[in-house]
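Encoded as structure tokens, the structure appears first; notes follow it.
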Amino acid sequence: MHREQTGAAGDDELPVGPLAGFTVGVTAARRADELGALLRRRGAEVMHAPALRIVPLADDSELLAATKQLIDSAPDVVVATTAIGFRGWVEAADGWGLGDALLDRLRQVRLLARGPKVRGAIRAAGLTEEWYPASESMAEVLERLLDEGVEGHRIAVQLHGEPLPGFVESLRAGGAEVVGVPVYRWMPPEDIGPVDRLLDATVARTLDAVTFTSAPAAASLLDRAERRGMREELLDALRHDVLPACVGPVTALPLEAHDIPTSQPERFRLGPLVQLLTAELPGRVRPLPVAGRRLEIRGHAVVVDGELRMVPPAGMALLRALARRPGWVVARSELLRSLPGAGRDEHAVETAMARLRTALGSPKLIQTVVKRGYRLALDPSVDTKYGGA
């Protein structure tokens, strides 16, 4: 992933958005452009790696068979789970010359929607839903159906590629006949390269967060890591250093099954997901009072007194090593070990340090301690607070 670096200190001063200096991975297959634009608008750098691709089933025999079955024998209830899936079903039926018959049948049954977006797709088709949960939770849909009683009822569920944990099983356990309507499927991406690069960046901690908008994408990323023999490294990164942000609890299930704590917005939308990152990523940065300045070390850049300073990767590695013990002297030999591919020549530390100071625009932030190493010039008034960090 290339980041343009500039030389002069003045050229590096950029306006600071709430996500400036952070890099966010996007695993979404659909609406990825929208999510990426929202993140970039707030200053983030985005790495897009669709973990799955959506394959429409307009020519699929399963969808055709399910559609004919429902037209010929009316269900009692139809549950629509996604707007894109419901629209795709109606469009596929139109292509087979069954559109009018399907809509007529759906007008005669109880039509439940997963949430307001699905409700909009239902209304756009000229239909009216009976009910939808404001929470957009399939668990709430299931609870309503079971409370009403489903024994002897025939219930059609528009499948949407994501697992519905216990939903179909619970309906069948309650005595219902369940007909699945598979409108589209998730498949592995045709080009696995971006996914591998995202995995490598996550394990290397050069990503600050990874976003997930579907459970299959999360499961697919874990599966790819397993295939590459790096699952434990990925789990460790997501548990401790890289923030996994999920659009909702269903999306988070594959991650939480591996004891990965996730962050989720209260409303299951892209906008609130970005707002969550806008709040959480800067909150994970501890500002340091250094040489009378306020220093924030973000993912791939530094904020000095509100000014964003772009720092080369080697400089970021040195700065992180110094910040682990702010105010304490860090030996050149230790700093050398923090430099990727630096070898054994401590001159590499001096070269990278000179570039770091230039990038920061304030050489006094880092002090040279003769014959010992370097230290962040932590303000004396806060030495006791940060010195033992």
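The table that follows gives values for the structure above.
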{"quantity": "Search result, residues across region 93-117 that are closer than 14 Å to residue 80 by Cα, within 35 Å of the chain's Cα centre (by Cα) and part of a helix (DSSP H, G or I)", "calculated": "116, 117"}
{"quantity": "Identity of the residue in region 123-137, assigned to a loop (DSSP other than H, G, I, E, B) and among the charged types (D, E, K, R), that ends up most open to solvent (accessible area, probe 1.4 Å)", "calculated": "130"}
{"quantity": "Residue pairs meeting the criteria (Cβ under 7 Å; at least 6 apart or on separate chains; first touching a residue at least 60 places away in the same chain (Cβ under 8 Å) and under 17 Å from residue 301 (Cβ atoms), in region 200-225; second β-branched (Val, Ile, Thr) and in a loop (DSSP other than H, G, I, E, B))", "calculated": "207/242; 208/242; 209/242"}
{"quantity": "Counted residues, region 338-369 - those being within 16 Å of residue 326 (Cβ to Cβ), in contact (Cβ under 8 Å) with a residue 40 or more places away in the chain and open to solvent by less than 60 Å² (accessible area, probe 1.4 Å)", "calculated": "6"}
{"quantity": "Given (1) in contact with an Asp or Glu (Cβ under 8 Å, 6 or more places away or on another chain); (2) part of a strand (DSSP E or B), index of the condition residue 156 fails", "calculated": "(1)"}
{"quantity": "Segments classed as strands (runs of 3 or more DSSP E), wholly inside region 1-92, with at least 2 members that are open to solvent by 40 Å² or more (accessible area, probe 1.4 Å) and at pLDDT below 90", "calculated": "53-56"}
{"quantity": "Region 324-351 - residue that is of a type in the set (Gly, Ala, Ser) and not in a helix (DSSP H, G or I) and, of those, farthest from the chain's Cα centre (by Cα)", "calculated": "331"}
{"quantity": "Single condition residue 246 does not satisfy, out of (1) open to solvent by 10 Å² or more (accessible area, probe 1.4 Å); (2) under 11 Å from the mean Cα position of the chain (by Cα); (3) free of Cβ contacts under 8 Å to residues at least 60 places away in the same chain", "calculated": "(1)"}
{"quantity": "Residues that are touching a Gly at 6+ places or on another chain (Cβ under 7 Å) and closer than 17 Å to residue 191 by Cα, drawn from region 15-53", "calculated": "26, 47, 48, 49"}
{"quantity": "Residue list for region 281-301, restricted to those being among the charged types (D, E, K, R), open to solvent by less than 60 Å² (accessible area, probe 1.4 Å) and not in a strand (DSSP E or B)", "calculated": "298"}
{"quantity": "Any hit, region 172-188, residues being over 20 Å from the mean Cα position of the chain (by Cα), buried (at least 17 other Cβ atoms within 10 Å of the Cβ) and within 25 Å of residue 245 (Cα to Cα)", "calculated": "yes"}
{"quantity": "Residue check for residue 120: in a helix (DSSP H, G or I) and within 25 Å of the chain's Cα centre (by Cα)", "calculated": "no"}
{"quantity": "Residue check, residue 144 within 28 Å of residue 257 (Cβ to Cβ) and in contact with a His (Cβ under 9 Å, 6 or more places away or on another chain)", "calculated": "no"}
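Here is a yes/no grid of residues against (1) within 30 Å of residue 115 (Cα to Cα); (2) over 25 Å from the mean Cα position of the chain (by Cα); (3) of a type outside the set (S, T, N, Q):
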position: 280; (1), (2), (3): yes, no, yes
position: 298; (1), (2), (3): no, no, yes
position: 304; (1), (2), (3): no, yes, yes
position: 322; (1), (2), (3): no, yes, yes
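The values are calculated or read from the model by the stated rules, or taken from the named source; none is laboratory data. Note that the structure is a prediction, hence the values are computed from the model and not measured. A quick note on method: Cβ atoms are made from the backbone with ideal geometry, for glycine too, and the neighbour counts reach across all protein chains shown. Accessible surface is based on the protein model in full, side chains and every heavy atom, while ligands, DNA and RNA are left aside. Shrake-Rupley method; radii C 1.70, N 1.55, O 1.52, S 1.80 Å.
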